[in-house]
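The values are calculated or read from the model by the stated rules, or taken from the named source; none is laboratory data. The model shown is predicted, which means the values in this text are computed figures rather than measured ones. Glycine gets a Cβ as well: all are built from the backbone with ideal geometry, and neighbour counts include every protein chain shown.
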Amino acid sequence: MLEIKGLHKDFGGIKAVNECHFTVEKGKIVALIGPNGAGKTTLFNLISGFMVPDKGTIKLMGEDITSLLPYQRAVKGIARTFQLIRLFPKMTVMENMLLAMKDSHEELHHALWRTRKIKEEEIKNVEKAMDVLKLVHLEGKVDELAENLSYGQQKLLEIARALASDPKIVMLDEPAAGVNPTMIKKIGELLVKLKKEKGMTILFIEHDMEFVMNIADKVVVLDYGKEIAIGTPQQVKKNKQVIDAYLGVTT
Amino acid sequence: MGVTAQLIANGIIAGSIYALVALGYTMVYGVLKFINFAHGEVYMLGAYIAWVVSIGLGLNIIVGTIVAILGCAVIGFLMEKIAYKPLRYSSRLIPLITAIALSLFFQSLALLLFGAEVRTLRQSSVESGMQILGASVTPTQIMILGVSIVLMVGLHVFLKYTKMGKAMRAVADNMQVASVIGINIDRTISAVFIIGSMLAAVGGVLVGYEQNLNPTMGVSMSIKGFTAAVVGGIGNIYGAVIGGFAIGLIENIGIWFIPSGYKDAIAFFILVLMLVLRPQGFFGGKTEEATRG
Amino acid sequence: MGYIEHLLIIICIYIILAVSLNLIMGFTGLLNLGHAAFFGIGAYTSALLTLAGVPFGIAFIASFVVAGMFGFLIGLPCLRLRGDYLAIATLGFGEIIRAVLKNWISLTRGPLGIPGIPKASFFITFDTSVKFLVFAAVIAVVTIGIVSRLVHSPFGRVLKSIREDEIAAQALGKNVMKYKMIALVIGAAFAGIAGSMYAHYITFIDPSSFTLVETILIVSMVVLGGLGSLLGSVIGVIILVLLPEPLRFVQLPSAIVAAIRQMLYAIILIVLMIVRPQGMVGEKRYKARVEE
C-alpha cells in the first residue's frame with residue numbers, strides 16, 4: 001500500500017530522516033516506534049506532504065506521490081491525525097466529520113445552485129458520519145463544538161474524522177498519548193476491528209509499548225532518522241540494536 | 001557624481017532614522033512574534049512631546065528631548081500593559097486589530113490636540129550645508145547620523161553585556177525556556193517596549209528638528225521602519241539596522257528615476273516584494289514560517 | 001427628509017463593504033487590510049467608464065469584475081503568507097494602489113479627484129435620494145443574500161475550516177489556496193460595486209476616501225458586529241454609522257469632527273478586543289438534521 005524508499009530530510013546539518021526505507025502492506029497495522037527525536041513525526045509529515053523531502057520517493061498503491069501537495073495526497077487516500085490534536089475548534093462535531101467526507105459538493109457553484117440531488121447527498125453524508133461517530137461513541141455529541149469536548153473525546157473525534165474520508169491508509173500520530181488506560185484499550189480495539197472488518201491499512205506512531213505489542217502486525221523502529229529494525233513485535237523486542245537505541249527506556 | 005553622492009548622503013541620513021524605528025519593531029517581534037503597528041505613532045508622539053516642552057513651554061530642546069524619551073517610554077509601557085498584555089494568548093488576529101486601532105487612536109489624538117498644521121522643533125532658520133565627499137550635508141544631519149549610531153552601538157552593548165539585555169535575547173529565543181530559568185517574562189517584555197519606544201522617540205525628535213512634525217508622520221514611518229525590519233530579517237537587531245540604511249538608500253536613489261510622489265510607496269513596494277519573495281529577510285530573522293510550511 | 005435617506009444610503013453601501021470583508025475575514029480568517037483599495041478601484045472604474053460614455057449598468061458590472069480581478073492579482077502573492085504578514089502585505093498593496101490613484105494624474109486626475117460623475121441610471125435615472133436608496137437597498141439585500149448562501153453551505157464550511165485550522169483542512173483534502181482566493185476575489189468584487197455606488201451617489205471621488213483609515217473603519221464594523229455573523233455586520237454598520245452623527249449638530253469644525261469620529265472607532269475596537277472580541281452577535285451554530 002505504502003512504500004518509502006530512500007527518504008531523506010536534512011535540517012541544516014541534522015539528518016532528521018536518513019535514507020529511510022520501509023513498506024506498509026495493505027490491510028495491516030504497522031507501528032512506527034523509536035526514541036524521542038528519532039524522526040517519526042518528521043516522517044509522517046513527509047508522507048502526508050507537509051514537508052518536502054530532500055531525496056527519496058513515496059509511493060501509494062504503486063503511484064509516486066512524492067511531488068504532490070498535502071491536500072492532493074489526502075485526496076489520493078492518505079488520512080492522518082496530528083500529535084497535537086488539530087480539530088476545527090469552533091465547529092461542531094458533525095461539521096468536523098462532514099468536512100472529511102467525500103462527495104460533499106463543496107464547490108462554489110454548488111453553493112449558488114443547490115439542486116435537490118445535492119441536498120439528498122448531504123443527508124446521506126450526515127448518516128454516514130453518524131455511523132462512524134457511533135464507532136467511537138460520539139454520536140450523542142453531534143452538535144457540540146469540538147473545543148468543548150474532553151481531551152479523550154477530541155482524540156476519538158480526530159480519529160473518527162480521519163476514518164470518515166474513506167482513506168486508503170490511516171496515519172495516526174500517537175493515538176494513545178495523554179489518554180486514560182480504558183480509552184487506550186478502546187482505541188486499540190477499534191483499530192483492530194477496522195483492520196479485520198474493513199480491511200483498513202493503519203500506520204501509527206506510538207511510545208506506549210504495550211499498545212504497540214498488542215495490536216501491531218509489523219513494527220518499524222526508527223533511530224536517528226533511519227530504520228534500524230523491521231519485523232513482528234516479538235522479533236523487534238528481542239533485537240539488540242533496538243534495545244540499545246532505547247537504552248533502558250521502557251514504557 | 002555630485003548628485004549620486006548627494007542621494008547617497010540623503011539615503012544614509014534617512015536610513016539612520018529608519019534603523020532606529022526598525023529596531024523597535026524587530027525587538028517586539030523578537031519576543032512576542034507580533035507586529036506592533038502602533039510603533040510608528042510612538043515616534044510621532046515623541047516629536048510632539050518634545051515640541052510641547054521646547055516650543056510650547058519654551059524650554060531647552062535637550063530638556064524637550066529627555067521629556068520626550070521618558071514620555072514615550074511610559075506610553076510604550078502602558079500600551080503593552082493595557083492593550084496588549086490581556087491579549088497575549090489570544091489568536092494572532094486580535095492583537096493585530098488592537099495594534100491598528102491604537103495607531104489610529106494616537107493619530108486622531110494628535111490631530112485633536114495639535115491640529116493638522118505642520119510644525120517644527122527648530123527655531124533657527126535654514127542651515128547651510130557643508131561639503132563632504134561631494135554631498136551637501138548640514139550639521140543637523142550629521143548630528144542625526146551621529147546620535148543614531150551612538151544609540152545603535154549603545155543598544156548592542158546593552159543587549160550583549162547587561163542582565164536585562166541578555167534576558168531579552170533569551171526571551172526572544174525561547175520564551176518557555178527563559179521563564180523556566182527564572183527570567184521575569186513580563187518585566188522583560190515591558191523593557192523591550194520601553195527601549196523600543198525610547199529609540200523611536202529620539203527618531204521623532206531628530207526628524208522633527210531636521211524637518212517638521214505633523215500628526216500623520218508616524219504612518220509612513222511605520223511602514224518604512226517595518227519594511228527595514230523585514231529586509232533585515234525580522235527579529236534580527238543587526239539586520240534591522242542594515243535594513244534601515246538599505247531602505248533609506250533605495251528610497252532616495254529611487255526618486256531619481258520615478259516621480260517623487262511615489263516616494264512613500266517605494267517602501268511599500270519593497271515590503272510587498274520582501275514578504276512575497278523572501279519573508280525571512282536577508283540576514284535570517286525569527287520567522288518560523290512566514291509562508292505556509 | 002434628505003438627511004435620513006442619505007444616512008440609509010450610506011448604511012447600505014457600508015453593509016456591502018462590511019459583508020464582503022466579513023466573508024474574507026470573519027469566515028475565511030484572512031486579515032485583509034487592503035479592502036478600501038477594492039472599494040476605490042470599483043469607484044474609479046465606474047466613474048471613468050461612465051464619464052467615457054459607457055452606460056451605468058455596464059460600468060457597475062465592470063467595477064465588480066475589475067475589483068475582483070485586483071483581488072485575484074493581490075491574492076496570488078499574498079495568500080501564501082501567514083496571518084500578520086498577510087495583513088501587512090494587503091495593507092501594502094492597498095497603499096500602493098492609493099499611491100497610484102494619487103499619482104497617475106493623466107488617468108485619475110490625482111489628488112484633485114474626479115468630479116461630475118453621472119448619476120446612476122438603469123432604465124430610470126436614480127436622481128433623487130429616494131430612488132437611489134431603493135437601488136442601494138436592493139443591491140445590499142442581494143449582496144447579503146448571495147454571501148449568506150455561500151457561507152451557509154458546504155463551500156462556506158470549507159472556508160470556516162480554513163479559518164479554524166488551515167493545516168487540518170489540507171489534511172482533509174481541501175485545496176486551501178483555491179478557497180482563499182475565491183473568498184478574496186468575491187469579497188473584493190462586492191467591495192467594487194460598493195465603490196461604484198458610492199461614486200455615483202456622491203458624484204465626486206478622490207483618493208482620500210480610500211485610505212487605510214477607511215479600511216479600519218470597515219474592520220471595526222465587522223468586528224463590532226461579530227466576525228462570522230452577517231446579521232452582526234449589519235448591526236455593526238448601523239451602530240458605527242449612526243454613532244458619530246450627533247457630532248454633526250455640535251458646532252465644531254469638520255476636521256475636528258472627523259478626528260473625533262476616528263478616535264471613537266479606535267477606542268471601540270481596542271475595548272472590544274479586550275472585552276468581547278467575538279463581537280455582538282455570535283456565529284450561527286450548525287445543527288445537524290439527523291433522522292433517527
With the first residue restricted to region B:258-279 and required to be over 15 Å from C:GLY94 (Cα atoms) and more than 7 Å from every other protein chain (Cβ to nearest Cβ), and the second required to be among the aliphatic types (A, V, I, L, M) and assigned to a helix (DSSP H, G or I), Cβ contacts under 7 Å at 6 or more apart or on different chains are B:MET274/B:VAL230; B:MET274/B:VAL231
Picking from B:LEU93, B:LEU104, which residue would you name as being surrounded by 19 or more Cβ atoms within 10 Å (Cβ to Cβ) and within 30 Å of B:ILE55 (Cα to Cα)? B:LEU104
Residues that are without any contact (Cβ under 8 Å) to a residue 24 or more places away in the chain: which helices (runs of 4 or more DSSP H) entirely in region B:173-244 hold 2 or more of them? B:175-180, B:185-210
Residues of region C:110-152 satisfying the condition of being surrounded by fewer than 15 Cβ atoms within 10 Å (Cβ to Cβ), aliphatic (A, V, I, L, M) and touching a residue at least 40 places away in the same chain (Cβ under 8 Å): C:LEU112, C:VAL130
Out of all the residues in region A:40-61, which are outside any helix (DSSP H, G or I) and buried (at least 21 other Cβ atoms within 10 Å of the Cβ)? A:GLY49, A:PRO53, A:ILE58
Hey, can you tell me all the residues within region A:45-58 that are under 14 Å from the mean Cα position of the chain (by Cα) and over 12 Å from A:ILE169 (Cα atoms)? A:ASN45, A:LEU46, A:GLY49, A:PHE50
Being of a type outside the set (D, E, K, R), within 14 Å of chain A (Cβ to nearest Cβ), crowded, with 21+ Cβ neighbours inside 10 Å and touching a strand residue (DSSP E or B) at 6+ places or on another chain (Cβ under 9 Å) narrows it down to one residue among C:ALA171, C:ALA189, C:ALA183; which is it? C:ALA171
Yes or no: B:MET27 within 14 Å of chain C (Cβ to nearest Cβ), in contact (Cβ under 8 Å) with a residue 24 or more places away in the chain and either within 24 Å of B:ILE242 (Cα to Cα) or assigned to a helix (DSSP H, G or I) (or both)? no
Selection within region B:27-48 - over 13 Å from the mean Cα position of the chain (by Cα), buried (at least 24 other Cβ atoms within 10 Å of the Cβ) and aliphatic (A, V, I, L, M): B:VAL31
Could you identify the single residue in B:ALA135, B:ALA110, B:ALA191, B:ALA172 that is over 21 Å from B:MET221 (Cα atoms), modelled with pLDDT of 90 or more, surrounded by 14 or more Cβ atoms within 10 Å (Cβ to Cβ) and among the small types (Gly, Ala, Ser)? B:ALA191
